[in-house]
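Notes for the one structure printed next.
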Amino acid sequence: MAEKLKIIPLGGLDEIGKNVTVLEYGKDMIVIDCGVGFPDEEMYGVDLVIPDFSYLVANQKKLRGMFITHGHEDHNGAVPYLLQRLNIPDFATRFSMALIKNKLAEKNLLSSAKLNVVKPGDIVAAGIMSVEFIYVNHSIPDSCALAIHS
């Protein structure tokens, strides 16, 4: 029987923020975006809402990389919190990566992080999958859509 592609949203559905999607195919898994959520008026004293990374930790041997589409906090703000638990390769365009580097420096993770700057048009191998960065217009520079090939 052929493998099935699993699409596993860890956040970002039916909410604004906390965008994290996992694609799993056989023995390989990638993470698309890694954002924070924003507290509502009933969450007193909460600054950020961080996704639950327990599925990623439990399946860390399958992880081939994290791919960030753009620099908004709801798409990349949780990168340091994931990299505190799992040191996986991170791929993003130059502007997005600069924002990520600032966050990692604040948490003293910059020297150990596996950061990879990509350009629109680049294709990154990720196990059985490959990820193609495609330039798109958005309200923040250096934004990309991703074409996932399997």
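When DSSP assigns beta bridges and you keep just the ones with both residues in the chain, what percent turn out antiparallel, to the nearest 5?
Percentage antiparallel, nearest 5: 70.
Taking the solvent-accessible surface of protein heavy atoms with a 1.4 Å probe, what is the per residue accessible area of the range 1-140 in Å²?
55
I'd like to compare 57-68, 27-38: which one has the highest average count of other Cβ atoms within 10 Å, and what's the full order after that?
Per-residue Cβ counts within 10 Å, averaged per peptide and sorted highest first, yield 27-38, 57-68.
Report, to the nearest whole %, how much of the accessible area of the chain belongs to carbon and sulfur atoms, 1.4 Å probe, protein only.
52
Using 12 Å as the cut-off for backbone N distance, which residues of the range 45-76 belong to the label zone defined by a point 7 Å from the Cα of Arg85 along Cα→Cβ?
Within reach of a label on Arg85, which here means backbone N under 12 Å from a point 7 Å along Cα→Cβ, the range 45-76 contributes 50-60.
Can you list which of the GluC sites (Glu not before Pro) found in the range 1-107 are DSSP loop residues with at most 16 other C-beta atoms within 10 Å?
Glu3, Glu15, Glu41, Glu42
For the residue pair Ser130 and Leu115, what label-to-label distance in nm results when each label sits 7 Å from Cα along the Cα-to-beta-carbon direction?
It works out to 2.7 nm between the two label points.
Can you tell me how much longer the chain between Leu48 and Lys62 gets when fully stretched, taken as 0.36 nm per residue apart minus their C-alpha distance, in nm with one decimal?
2.3 nm
The values are calculated or read from the model by the stated rules, or taken from the named source; none is laboratory data. Please read these numbers as outputs of a predicted model, since none were measured by experiment. Neighbour counts run over all protein chains shown; Cβ positions are idealised from the backbone, glycine included. With ligands, DNA and RNA removed, areas are computed over all heavy atoms of the protein, side chains included. Shrake-Rupley method; radii C 1.70, N 1.55, O 1.52, S 1.80 Å.
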